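Worksheet for the structure shown next.
No value in this document is a laboratory result; all are computed from the given coordinates. Values in this document were obtained by computation on a predicted structure and should not be read as measured data. Methodologically, a virtual Cβ is constructed for each residue, glycine included, from the backbone with ideal geometry; neighbour enumeration extends over all protein chains shown.
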Amino acid sequence: MKDGAPKNRLRELRDRSRLTQQEVSTLTGYTVTAISRHENGSRSLSEEAIAKYAALYKVPTHQLFVSPQGVYEDDDD
């Protein structure tokens with residue numbers, strides 16, 4: 001993971017969706033290797049990737065990430 005970057009929740013969201021990396025690959029067009037690297041933070045996420053994952057997992061884009069205090073929450077709650 002890049003220093004200072006928030007941790008992403010991609011693996012957690014994929015597990016909750018009961019999808020394999022191969023299935024996510026088919027749905028997103030990314031290789032299994034790219035998905036693995038996105039999940040472990042060794043490859044940064046482009047705006048396009050963030051949008052694709054948010055749509056796939058049906059969450060707002062900010063909920064793909066975890067702040068040091070936990071999941072980013074909506075400001076208007």
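Think of region 7-70 as a dipole: +1 on every Lys or Arg Cβ, -1 on every Asp or Glu Cβ, centred on the Cα centre; then among Y30, H62, L13, L13 lies furthest on the positive end. Put a plus charge on the Cβ of each Lys and Arg, a minus charge on the Cβ of each Asp and Glu, and nothing anywhere else: the dipole of region 7-70 about its Cα centre is then about 140 debye. Extension gain for the segment K58 to S42, taken as residue separation times 0.36 nm less the Cα-Cα distance, is 3.4 nm to one decimal.
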